[in-house]
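A short write-up of the structure that comes next.
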Amino acid sequence: MPNKKSSNRGKSVSSSPAVNAASNERGRMVLRVKSSEKMKQLALLSRESEEEWRPKSVKKGQTARGKKNVKLDAKMPKKPPTAFFYFLEDFRKDYQERNPDVKSMRDIGKACGEKWKTMTYEEKVHYYDLANEKRREFDKAMAEYIKRKESGEDEETEDDSEFK
């Protein structure tokens, strides 16, 4: 068996962040200390590159993601809920009747999600049909809205929009 001795002769070991680890031919870790000049140069370079990637301040009319804020039209139809949300309405009523002590929407939502996952397609069909019906109504309303918008019937004056 080879004798395992510490081979730190002639090498300075430091606990500062300026220590670089490398391995030698034998696979042992060797610690080398970087010079303070190199550290200063690296710090300067990192500051310069940091300014390049640092996000700029958000301009007016834009959100943090860079998307422009769009004024929502109050006359535009709202999208209908999905089948899961129709199920959630029914489930919430039943769950609260059976568990009046549970008030947290988080707990109700978890129980609802678990129940939805275990339901078969045949049990979910009622909610899918309801969601599809509401979606068709929404599509019709949206088509009418777009026609009104394109024809100019639905336009507001600037004075009206300020008071809403």
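For the reader, a short list of remarks on this structure follows.
- Set Asp107, Asp101: member being open to solvent by 60 Å² or more (accessible area, probe 1.4 Å), part of a helix (DSSP H, G or I) and modelled with pLDDT under 95: Asp107
- Glu123 vs. criteria exposed (fewer than 11 other Cβ atoms within 10 Å of the Cβ), modelled with pLDDT of 90 or more, among the acidic types (Asp, Glu) and part of a helix (DSSP H, G or I): no
- Against the test of being assigned to a helix (DSSP H, G or I) and either in contact with a Pro (Cβ under 6 Å, 6 or more places away or on another chain) or at positive phi (or both), the options Arg92, Arg135 yield a single qualifying residue, Arg135.
- Looking across Tyr145, Tyr128, one residue alone is open to solvent by less than 50 Å² (accessible area, probe 1.4 Å) and either in contact (Cβ under 8 Å) with a residue 40 or more places away in the chain or farther than 16 Å from Pro81 by Cα (or both). It is Tyr145.
The values are calculated or read from the model by the stated rules, or taken from the named source; none is laboratory data. Everything numeric in this text was worked out from a predicted model, so none of it was measured. All Cβ positions, even for glycine, are placed from backbone atoms using ideal geometry, and neighbour counts span all protein chains on display. These accessible areas exclude ligands, DNA and RNA; they are computed on the full protein's heavy atoms, side chains included. Shrake-Rupley method; radii C 1.70, N 1.55, O 1.52, S 1.80 Å.
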